[in-house]
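Step one of this worksheet: look at the structure below.
Derivation of every value follows stated rules applied to the coordinates shown; laboratory data play no part. All of these numbers come straight from a predicted model, not from anything done at the bench. Reconstructed Cβ throughout: ideal geometry from the backbone, glycine too, with neighbour counts over all protein chains shown.
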Amino acid sequence: MRGDEGGKMDFGYTKEEEQFRERLGNFLDRELTEEIARQNWEDRGVGPEAREFSRKLAANGFLGMSWPKEYGGQGLSPAYDFIVIDELGRRWGAHIPLDVGYTMVGHTILRRGSEKLKKEFLPRIIRGEIEFCLGYTEPNAGSDLASMKMRAVEEGDDYILNGQKTFNTEAHYADYHWVAARTDFSPDVPKHRGISLFIVDMNSPGVTVWPLRTMSGEQTNEVFYENVRVGRHRLVGEKNKGFYYMMEAIDSERNHVFTPFRLLPILEELILYARETKFMGKPLAEDPVIRDKLAQAAMELEVAQVLADHSRWMESNELPMTYEPEITKVFVSELEQRLVDTGMQILGHYGQLEEGSKWVPLRGRIEWYFLHSFMTTIGAGTSEIGRNVIAQRGLGLPRS
Amino acid sequence: MDFHFSDEQRMLRESAREFLQTECPKTFVREMEKDPKGYTPELWGKMANLGWMGIVFPEEYGGVGGDFLDLLILLEEMGRACLPGPFFSTVVLGGLAILEAGTESQKKEFLPRMIRGELILTLAHTEAATTQFDPFLITVKAIRRQNLYFVEGTKLFVPDAHVADYMIGVARTQGRTHGREGITLFLVDAKSPGIRWELLKTVARDKPCEVIFQKVEVPRENLLGRLNGGASILEKLLQKAAIGKCAEMIGGAQFVLDMCVSYAKEREQFGKLIGTFQAVQHHCANMLMNIEGGRYITYKTAWMLSQGIPCMKLVAVAKAWVSDAYKRVAALGHQIMAGTGYMEEHDMPLYSRRAKAAEIAFGDAHYYKKVLAKEIKLDP
C-alpha cells in the first residue's frame, strides 16, 4: 500500500516474508561466522572470506530484493532488505559485508545517477562485488558539513579535485570514493548550494590514504587529493546539488544502519553470563539490581525495534520521512551505550579484560563494545545534531 | 506490517477530539476535581449516545462491534483531554471483564445497560497489603453459605466506587493470601448492605476509594467466571487495562508536547524565541522520542492482544516504558513552561499529576521489569 491512505494496523509479517526469513536464516547459519561478521563491523578490512560470503549472499538471492530488475534486483518491497539486515544483525551484530555501497551510495545512484552510472555500478553492488567509502567529513567540516573546503574545478571534460577528507572509514579497502567537493566558489552562494558528488576510483593518481586508528582498534582514514582528475561522467546527478542528495539519502541510511537487532546478541550473551556466573554461591541472575538492569535493556530494545519498524515502514511505503529515522538513530545509538555500560557493570573486575587476555569473559566482546560505543553517538551525526533535526524538522521549532 | 489507522479509526479520533474540546474544556476538568461525584450525568449520557461505552462490544449486546484498537483511540483522546469520570472503570475494568468471563445471561443483563450509559462499573482489586503492586495478593475473603457468598475485607484504590452500580470484587475463596490459586471474581451490587466507601485524596484528585465489605451477600449466580479460576481472567483483564492506560498516557503526553512546542514558538527571552535555544529544542526532541516509542509499542501490543497472540512480554515493555516516559515528558514540560506552568490554574499540573497516578495504575516500571526479567529467561 502506498501513499497516506487509510490501512489496517498490522504489526506482523506476511507469509512470504516469514518464508524468506526462514530460508535466509538457514543460509546464514551455514555460511556466516563470527570472524566474517567482525571483519566488517570492526572495519578491520573485508578479507577474502567476507568477500566470498558477500558474493554467496548475492548468488543466493539475498541482495538487491527491492532494487529494479533491470539493474539486477528483484523489484520487491524494501521490507525484504530489512529482514536481511535484521537476520545478519542478530548473528554477532553482522552487517551487509560491503555495506556502504549497498545500504547508502547505491540508493542515491539509483535515484539521481545517470543511466551510464546506474549500469556501471548497480549490478556490481547487487552482486556484492564492490565497496565504496563515504568522503564527506573534513578536518574543519564535521557537524557543519556544508562548510567543506575540498575543491573540484572543471577542466575540459574532467574535474580536478584538491583537498583533504578525514574519518573516511573503509577507505583502505573500498574500491570507490563517494566524495563531496565544492564546485561553486562565489561568495554570494549559500555554502550548501555549491557542493557536488563524485565517484572516484580509489587507485586514481593523486589519491593518498593515511590510516587513523580509533580507540577501539578500528581503522579509519584521512584521504588526500592532489590534482586528482575525475571524468565528468562520474559527477552524480546535477552539479551543485550534491548536498541535497546527501541529505536526501540520510533517512534511508539511518534506517539501514541503525538496526536494533544488532544489539540482541549482546543482551543474549549477558543474560546467559548472568545465569551461569555465581557470586557467593548464587547466580548473578538472582541479584534484583542486575535483573532490573537487564530488564531495562530488554525493554529499550523492544522500543527501539518498534521505532525502527515504524521508520522502515514509512520508507517502504514511500511516505515522506522527516524526523522518524533520526529518532531511530539517536535512540538506538544511545541504547547501545546504556546496554554496554550495563554489561561492563555485570562483568565487574573482569569487564576491563581485553580480547586475548587471560581470564577474559565473553571473548572480550563487551569490552570492545564499551570502547566502540563512544563512537555510536557521534558517527553519522552526533546525538546533539540529531536532536536539532528532530526539533526543527519534526516539531517545526525555529533554527538556532 | 502497517502502521496506518483505518479511515474509520481516523474519523473516530477526529470526532472524539472535537467532541472533547467542546464538552470537556479544562475549566470542566478542574470543576470535576472538586465535584463530589467527579463527573456529570449529562456528559455521560452524550458519550453513551455517541456509542463510546459500546465501542468494543458486539452488536448483539447493543455495542458498536469495534476492536480493541478503536477503544484505544478513544482512551488516547480522553487522556489528551484529561476526561474525568468513570469511563475507564466502567468500560475497561467492568465491561471487558464481563465480556471475557461472563455467562450469556450476565452479558445480557449487564452489557446493554452499561452501553446505554445506565450502569457504572468498576473493579475492586487492590488491598492494603499491596504496598507494591502484585495482582495476586488477595486477602479479602468470600465464604460460601448455601447459595450465597459473604464477602469480607477492605479494598483500596477502587476507582469510582462512590458512583458505581456494580463492582467486580476480587476475593479469595481458597488457598494462601498470595498466589494465583483460589481467587474468584464476583459481580457485587455496590448498593448492597454492608458496603461502605470513603474517598481517598490523591495527587490526581481522581477519587479512588477505600471500600469496606462487611458480610456482604453476593448470590451464587453473580460469580464471574469459574470458582477459584479468577487469576487467569484477572491477568488478561489487567493486560488490557495496562495497555488502555498506556494509550491514555500517550494522549496526555502528546498534549504536553504540543503545548510546549507552541509556547516555545511564541515566548521570547534574551530577545529571541526560546524555541531557537538548543537546550529547549533538545528537551522537545526528548519528549517526542519518549512519546513515539511509547505510542508504537502500545499499539503493537494492542494489536497482539486483539489477535489473541500471547504478549505478556510486550505488555510489560509497554507499561514500563510508557509509565516512565510520560513522567519524563511531564517533567520536561515543566522545565519549558517554567514558573507559569507551576501555577495551579495552568494546564501543566493537570498532566503531571495524572502522569503519576497513571504510572502507578496496574503496575509501574518497577513491577513490570520484574515480569520482564522472567520473560527474558533470567531464571534457569
On C-alpha positions alone, give me the angle between the axis of helix B:7-23 and the longest principal axis of chain B, in degrees, nearest 10. 80 degrees
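Over the stretch B:7-119, calculate the relative contact order: mean separation of alpha carbon pairs under 8 Å at least 6 apart, over the residue count, as a percent. Kindly include the intermediate steps, with their values, before the conclusion.
Values: 113 pairs, mean separation 36.4, N = 113.
About 32 percent, as a whole number.
Among the helices of chain A (complete DSSP H runs), which have Cα atoms covering no less than 30 Å along the helix axis and a Kyte-Doolittle mean of at least -1.0? It would help to have the intermediate numbers written out before the result.
Values: long enough: A:288-316 (41 Å, -0.12); A:324-347 (34 Å, 0.02).
Helices meeting the span and hydropathy rule in chain A are A:288-316, A:324-347.
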With springs only between Cα atoms under 10 Å, which of B:Ile120, B:Ile73, B:Ile212 fluctuates most in a Gaussian network model of chain B? B:Ile212
GNM result for chain A, Cα springs below 10 Å: residue of A:Met247, A:Met280, A:Met344 fluctuating most strongly: A:Met280
Sorted on mean Cβ neighbours within 10 Å (highest first), peptides A:145-155, A:366-376 come out as A:366-376, A:145-155
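Counting Lys and Arg as +1 and Asp and Glu as -1, what is the net charge of the other residues whose Cβ lies under 11 Å from the Cβ of B:Lys215?
Working: positive: B:Lys141, B:Arg145; negative: B:Glu152, B:Glu217.
In short, 0.
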Chymotrypsin sites (Phe, Trp or Tyr not before Pro) restricted to DSSP loop in the stretch A:181-289 with at most 12 other C-beta within 10 Å: A:Phe185
Check: C-alpha center the stretch B:15-66 vs C-alpha center the stretch A:351-400, spacing in Å is 47 Å
From DSSP H assignment alone, runs of 4+ in the protein assembly as shown each adding -39500 (n - 2.57), the sum over residues rounded to the nearest 500 puts [θ] at 222 nm at -15000 deg cm²/dmol
In Hz, Karplus ³J(HN,Hα) per residue of the stretch B:39-47 (6.51, -1.76, 1.60; θ = phi - 60°; x = Gly, Pro): 7, 10, x, 4, 5, 4, x, 5, 5
Trypsin sites (Lys or Arg not before Pro) restricted to the stretch A:327-400 and DSSP loop, no more than 14 other C-beta within 10 Å: A:Lys358, A:Arg399
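Rounded, prolate or oblate: pick one for the stretch A:134-240, where a ≥ b ≥ c are the square roots of the eigenvalues of its C-alpha gyration tensor, a/c under 1.5 means rounded, and failing that, prolate if a/b is larger than b/c, else oblate.
Numbers: a/c = 2.21, a/b = 1.35, b/c = 1.64.
Verdict is oblate for the stretch A:134-240.
On average, how many beta carbons from a partner chain sit within 10 Å of the beta carbon of a residue in A:285-291?
On the way: counts 6, 3, 1, 3, 0, 2, 8.
Taking all residues of A:285-291 together, the mean is 3.
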Under 12 Å from the Cβ of B:Cys260, count the other residues' Cβ atoms, weight Lys and Arg +1, Asp and Glu -1, and hand me the total. -1
Among A:Thr169, A:Ala146, A:Trp210, flag the residue with its Cα farthest along the positive direction of the charge dipole of the stretch A:134-240, charges on Cβ as +1 for Lys/Arg and -1 for Asp/Glu. A:Ala146
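Is the stretch A:205-265 rounded, prolate or oblate when judged by the Cα gyration tensor, a ≥ b ≥ c being the square roots of its eigenvalues, rounded requiring a/c under 1.5 and prolate requiring a/b larger than b/c?
Values: a/c = 3.56, a/b = 1.26, b/c = 2.83.
Oblate shape, in that a/c is at least 1.5 and b/c is the bigger or equal ratio.
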For peptide A:351-358, what's the mean number of Cβ atoms from other chains within 10 Å of each residue's Cβ? 0
Alpha-carbon centroids, the stretch A:305-319 and the stretch B:224-240: separation in whole Å: 36 Å
Percentage relative contact order, the stretch A:82-156, counting C-alpha pairs under 8 Å, at least six apart: 24 percent
In the protein assembly as shown, if the dipole is taken from +1 on Lys/Arg beta carbons and -1 on Asp/Glu beta carbons about the Cα centre, which of B:Leu72, A:Ser311, A:Phe121 is farthest to the positive end? B:Leu72
Within a Gaussian network of chain A (alpha carbon springs, distance under 10 Å), most fluctuating of A:Asn26, A:Asn162, A:Asn317: A:Asn26
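Only four residue types carry charge here, +1 at the Cβ of Lys and Arg and -1 at the Cβ of Asp and Glu. Report the dipole size of the stretch B:13-171 about the Cα centre in Debye, rounded to the nearest 20. All intermediate terms of the calculation are to be shown ahead of the outcome.
Working: 16 positive and 22 negative charges, 90 e Å.
So the dipole magnitude of the stretch B:13-171 works out to roughly 440 debye.
Let's see if you can work this out: charge +1 on each Lys and Arg Cβ, -1 on each Asp and Glu Cβ, no other charges. What is the dipole magnitude of the stretch B:123-228 about its Cα centre, in debye to the nearest 20?
Numbers: 15 positive and 12 negative charges, 54 e Å.
Rounded to the nearest 20 debye, it is 260 debye.
Report the charge-dipole magnitude of the stretch A:134-240 in Debye, nearest 20, computed about the Cα centre from +1 at each Lys and Arg Cβ and -1 at each Asp and Glu Cβ. Working shown, then result.
Numbers: 11 positive and 15 negative charges, 35 e Å.
I would put it at about 160 debye.
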Positive dipole terminus of the protein assembly as shown, leading residue within B:Gly341, B:Val280, A:Pro398 (C-beta point charges): B:Gly341
May I ask for the net charge around A:Val340, where only other residues with Cβ less than 13 Å from the Cβ of A:Val340 are counted and Lys, Arg are +1 while Asp, Glu are -1? -2
Packing-based order for B:163-171, B:195-203, using average beta carbon neighbours within 10 Å, highest first: B:163-171, B:195-203
Relative to chain B, whose Cα atoms define the longest principal axis, helix B:68-81 and its Cα axis are tilted in degrees, nearest 10, by 60 degrees
Percent relative contact order for the stretch B:231-375, counting Cα pairs under 8 Å at least six residues apart, stands at 31 percent
